[in-house]
Amino acid sequence: MDLHLDIFSPVQPIRSKIFDDKGLTVSIKRDDLIHPVISGNKWRKLKYVLQRAANDRKTHLVTFGGAYSNHLMATAAAAAKFGFKATGLVRGEPVDNQMLFICRLHGMQLLFVDRESYRDKPALFAENFGNDEQAFFIDEGGASAEGIKGVAELVDELPESYDHIFCACGTGTTAAGIIKGVSSKGLQTVFNGIPVLKNGDFLRADIDGMLSRPSPYHLHTDYHFGGYAKTTPGLIAFIKDFVSNTGVLIDPVYTGKMLYALHDLAAKDHFAPGSKILAIHTGGMWGLLDMQNKFK
Ligand SMILES: *Cc1c(COP(=O)(O)O)cnc(C)c1O
């Protein structure tokens with residue numbers, strides 16, 4: 001099976017007064033441009049997972065997510081593009097929203113699962129698909145060794161070296177992939193992760209567990225804005241400002257928090273003057289559709 005997808009993810013400069021004032025050169029890697037639906041880190045995390053499914057001659061992808069999951073949507077679109085059938089097990093009461101509509105449009109079957117049963121994904125898979133020889137388990141968010149391998153390739157694409165890389169963190173799989181890519185190339189680049197969940201320190205153990213050798217990195221745990229998908233008027237104002245000044249669309253769940261953190265740390269003189277900084281645009285724009293109310 002040919003899982004070829006041409007990657008278009010240019011690095012572009014971001015101008016802003018605060019970066020100029022502090023003597024910083026900031027760029028953004030546009031992983032959001034990889035694909036309109038299989039965007040950003042979700043494509044990178046799925047790439048070798050789909051390859052393994054194809055190698056194992058599986059034709060039915062089964063995966064998991066919340067009702068606003070970028071991973072579910074990416075898997076639905078990737079399944080359609082590469083000729084797989086797909087089922088998404090969605091956490092919680094049956095609901096409908098614009099993201100689930102896009103999942104269905106790509107042919108994904110949705111099964112809603114109560115929150116208690118949702119905790120044990122292997123059990124859910126065995127119960128529902130134990131007799132389906134074609135079914136292939138993909139963990140929530142695409143978390144896997146293949147996911148880390150796919151993300152690490154991002155570092156090979158970089159046109160130059162940077163003092164800092166910034167990236168939003170959910171499960172930390174993307175972080176682990178980039179840290180792995182940086183350390184295996186022997187680069188001095190400091191990885192800066194912005195956990196989008198509250199009490200993001202738990203991620204340290206998760207990320208360390210995914211790395212085959214210990215590598216240094218920073219987590220900035222004070223930019224969750226109240227927790228997953230929570231926002232504040234300050235965050236929303238920042239996003240409006242950023243999008244209207246740069247033409248780069250960002251969302252309140254992931255990239256908005258990451259870029260807010262980068263601007264805030266710059267203002268607080270966290271970086272040495274002359275530093276070169278790369279922000280990763282991990283995609284995820286569709287989440288904006290169900291968040292219009294927050295922008296009113
Ligand atoms: C899923 C997602 C992340 C988080 O990725 P993890 O590998 O789970 O840390 C970051 N940004 C966007 C846009 C996402 O959709």
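Just so you know, all these numbers are worked out from the coordinates, no wet-lab data involved. Computed from a predicted structure; not experimentally measured. All Cβ positions, even for glycine, are placed from backbone atoms using ideal geometry, and neighbour counts span all protein chains on display.
Give the Rg (one decimal place) followed by the Dmax (whole number) of the chain, computed from C-alpha coordinates and expressed in Å.
Just the Cα atoms of the chain yield Rg and Dmax of 18.8, 62 Å.
Suppose R0 equals 35 Å; then what is the FRET efficiency for A123 and L5 from their Cβ-Cβ distance, rounded to the nearest 0.05?
Numbers: r = 33 Å, r/R0 = 0.94.
Here the calculated transfer efficiency is 0.60.
I'd like to compare 106-115, 158-167, 207-216, 278-287: which one has the highest average count of other Cβ atoms within 10 Å, and what's the full order after that?
Working: 106-115: 15.2, 158-167: 18.1, 207-216: 13.2, 278-287: 24.0.
Ranking, from highest mean packing down: 278-287, 158-167, 106-115, 207-216.
Can you give me the angle between helix 233-246 and the longest principal axis of the chain, using Cα atoms only, in degrees from 0 to 90, rounded to the nearest 10?
Approximately 80 degrees, to the nearest ten.
With a Cα-only, solvent-free Debye model of segment 143-263, what are the log10 I(q)/I(0) values at q = 0.10, 0.19 Å⁻¹?
-0.31, -1.02
Per DSSP H run of n ≥ 4, the term is -39500 (n - 2.57); total these for the chain, divide by its residue number, and report the mean residue ellipticity at 222 nm rounded to 500 deg cm²/dmol.
Taking each H run of at least 4 residues, the total per residue is -11500 deg cm²/dmol.
Convert each backbone phi in segment 280-296 into a coupling constant with the Karplus relation 6.51 cos²θ - 1.76 cosθ + 1.60 (shift: θ = phi - 60°), then list the ³J(HN,Hα) values in order as whole Hz, x for Gly and Pro.
9, 7, 7, x, x, 5, 5, x, 4, 4, 8, 10, 3, 4, 5, 9, 7
Rounding to the nearest 10 and keeping the result within 0 to 90°, find how far the Cα-based axis of helix 173-184 lies from the longest principal axis of the chain.
On a 0 to 90 degree scale, this one is about 60.
Tell me, how many Å apart are the Cα centres for segment 250-296 and for segment 104-135?
If we compute the Cα centre of each part, the gap is 33 Å.
Mind jotting down the distance between the C-alpha centroids of segment 10-81 and segment 158-200, whole Å?
If you average the Cα positions of each part, the centres end up 15 Å apart.
If you rank F8, F137, F84 by fewest surrounding Cβ atoms within 10 Å, what's the result?
Details: F8 10, F137 18, F84 21.
Ascending Cβ contact count within 10 Å gives the list F8, F137, F84.
Just to be sure I understand the curve: with the Debye formula and one point per C-alpha of segment 41-142, what is log10 I(q)/I(0) at q = 0.18, 0.20 Å⁻¹?
Evaluating at q = 0.18, 0.20 Å⁻¹ gives log10 I(q)/I(0) of -0.78, -0.97.
Which value, in debye to the nearest 20, describes the size of the charge dipole of the chain about its Cα centre when Lys and Arg Cβ atoms bear +1, Asp and Glu Cβ atoms bear -1, and nothing else is charged?
Details: 32 positive and 32 negative charges, 57 e Å.
That gives a dipole near 280 debye.
Fewest Cβ neighbours within 10 Å first, please rank Y254, Y217 accordingly.
Working: Y254 27, Y217 20.
The fewest-first ordering by Cβ neighbours comes to Y217, Y254.
Quick one: of the DSSP bridges fully inside the chain, what percent are antiparallel, nearest 5?
Details: 3 of 34 bridges.
Restricted to the chain, the bridges split so that about 10 percent are antiparallel.
Determine the relative contact order of the chain: mean sequence separation of Cα pairs under 8 Å and six or more apart, normalised by residue count, in whole percent. Could the numbers behind the result be given before it?
Details: 546 pairs, mean separation 68.1, N = 296.
Rounded, it is 23 percent for the chain.
Find how much the distance from N131 to K240 grows on full extension, using 0.36 nm per residue of separation minus their present alpha carbon separation; answer in nm with one decimal. If you can, show how the numbers build up before the last one.
Numbers: separation 109, 0.36 × 109 = 39.24 nm, distance 4.94 nm.
The span from N131 to K240 would gain 34.3 nm if fully extended.
Once you compute Rg and the Kirkwood Rh from C-alpha atoms, what is the Rg to Rh ratio for segment 125-183? Each step should come with its number before you reach the end.
Numbers: Rg = 15.7 Å, Rh = 13.4 Å.
On the Cα set of segment 125-183, Rg over Rh gives 1.17.
May I ask you to sort T232, T87 by Cβ crowding, counting other Cβ atoms within 10 Å and putting the fewest first? Walk me through the intermediate numbers first.
Working: T232 13, T87 21.
Fewest-to-most ranking of T232, T87: T232, T87.
So how tilted is helix 40-55 from the main axis of the chain? Cα-based, degrees 0 to 90, rounded to 10.
30
Could you tell me the largest-minus-smallest coordinate of the C-alpha atoms of segment 30-96 on each of the three principal axes, in descending order and whole angstroms?
That gives 35, 32, 16 Å along the principal axes, largest extent first.
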